[in-house]
């Protein structure tokens, strides 16, 4: 059964290969410039180059990825670095140099928020520290990006405002709900959030950062221009399309399992909230199915996606998928088979894509409490011996959870 869980995950990744998803939706015209950013940027760019031949391009990838035959800037993720700043300045310069008759093809995938970093009113060091604090706070990706957009010269539609050219964007979504203004912090898309909301989020999560607060207050007082808004005439130059989503990933796994003769149900592609609360929901659903056959009758596979959060209070290592599985193990007394992983191949700071739960884990009798107290889900699964390591997958379609209820 462990092999089947892994195969379902890998087959889903194969079926949602960014190269193929991008190639299906490339515009018929030849672009004057191609911009590619994110964890899936290399295969997305390669699809464009194979279609159009040699065209000017700029590629930004996370450090650790490879791009054979392509020139790229490799920047840090999820916390930006000097290369993130260099990439953003280069992109802004390219956009500003284009005439109104030029056409830009932008290939955007998850990870772009860190990979393009052009701080507004604060230093790169403060932007880095604020990003780290937001990551540990338990804030959702929508909340994090509302703050990041208002402290950036490239996010929140400001990349579109930086150019006179027409821009066509193809998006690979890594956010629950697939909102284009949240994917990579929406460099070309209108932003519904405000400076006041960003400032309120710092209050909500108890984040001081006086430099960032000063900038946000200037925005609230009208002394700084807002991010791109839905009524802006610049949007006449924008066209866009979603080419891949978390639901595509989940449905691909569902098709694979059904082809093997199993029943499989997709619960949702947009689960969020704290990873431990999400684990409790799944545990209670599993117990209801086992006890009463509602809302599904067993045996069957349950699939879910989205993006949970982890409020980090301990000193351990892990990620939201490992934390989910650890909490699920803590809730369930009857063993099961389950897999949870990040589709990009890296769950938090664990170095693993995710992990598996199997009856053998329960047989080891590990106590989950000390690991939960320290947010050390990596340590737990190292002891359990069920880490899932894929390395960077070259895509990013959010989280993947697969549970067998029997």
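No lab work stands behind these numbers, since they all come straight from the coordinates. Computed from a prediction, not measured in an experiment: that's the story for all the values here. Glycine also receives a Cβ, built like all others from the backbone with ideal geometry; neighbour counts cover every protein chain displayed.
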* Asked: FRET efficiency for residue 55 and residue 20, Cβ-Cβ distance as r, R0 = 22 Å, nearest 0.05?
  -> 0.65
* To do: Enter the angle in degrees (range 0 to 90, nearest 10) between the Cα long axis of helix 124-137 and the first principal axis of the Cα atoms of the chain, meaning the one along which they spread out most.
  => 30
* Whole number please: convex hull volume per residue, Cα atoms of the stretch 272-338, in Å³. => 89
* Residues residue 288 and residue 66, FRET efficiency given R0 of 45 Å [Cβ-Cβ distance, rounded to 0.05] -> 0.50
* Quick one: of the DSSP bridges fully inside the stretch 246-405, what percent are antiparallel, nearest 5? -> 75
* Label-to-label distance, nm, for residues given as residue 200 and residue 29 (7 Å Cα→Cβ offset) -> 4.0
* Asked: Which three extents, in whole angstrom, do the alpha-carbon atoms of the chain cover along their principal axes, largest first?
  -> 64, 48, 36
* Asked: How big is the convex hull of the Cα atoms of the stretch 158-297, per residue, in Å³?
  -> 153
* Asked: In Å, what Rg and Dmax follow from the Cα atoms of the stretch 320-406?
  -> 12.2, 36
* Structure fact -> Contact order relative to length for the chain, counting C-alpha pairs under 8 Å separated by 6 or more residues, stands in percent at 16
* Asked: In whole Å, what three semi-axes, largest first, describe the equivalent ellipsoid of the stretch 142-209 built from its Cα gyration tensor (square root of 5 times each eigenvalue)?
  -> 23, 14, 8
* Structure fact -> Rounded to the nearest 5, the percent of DSSP beta bridges in the chain running antiparallel is 35
* **the stretch 217-305: C-alpha gyration tensor shape, a/c 1.5 cut-off, then a/b vs b/c** => oblate
* Give me 127, 71, 136 ranked fewest to most by other Cβ atoms within 10 Å of their Cβ, as a rough exposure proxy. => 71, 136, 127
* Structure fact -> Taking only Cα atoms of the stretch 31-244, the Rg to Rh ratio with Kirkwood Rh works out at 0.95
* Asked: Taking other Cβ within 10 Å of each residue's Cβ, how do 130, 250, 238 sort, fewest first?
  -> 238, 130, 250
* Asked: Is it possible to state the helix-based mean residue ellipticity at 222 nm for the chain, with each DSSP H run of 4+ residues giving -39500 (n - 2.57), the sum divided by total residues, to the nearest 500 deg cm²/dmol? What is it?
  -> -12000 deg cm²/dmol
* **Between the stretch 12-81 and the stretch 361-393, the alpha-carbon center distance in angstrom** => 34
* To do: Specify whether the C-alpha gyration tensor of the stretch 246-405 places it in the rounded, prolate or oblate class, a ≥ b ≥ c being the square roots of the eigenvalues: rounded for a/c under 1.5, otherwise prolate if a/b is larger than b/c and oblate if not.
  => oblate
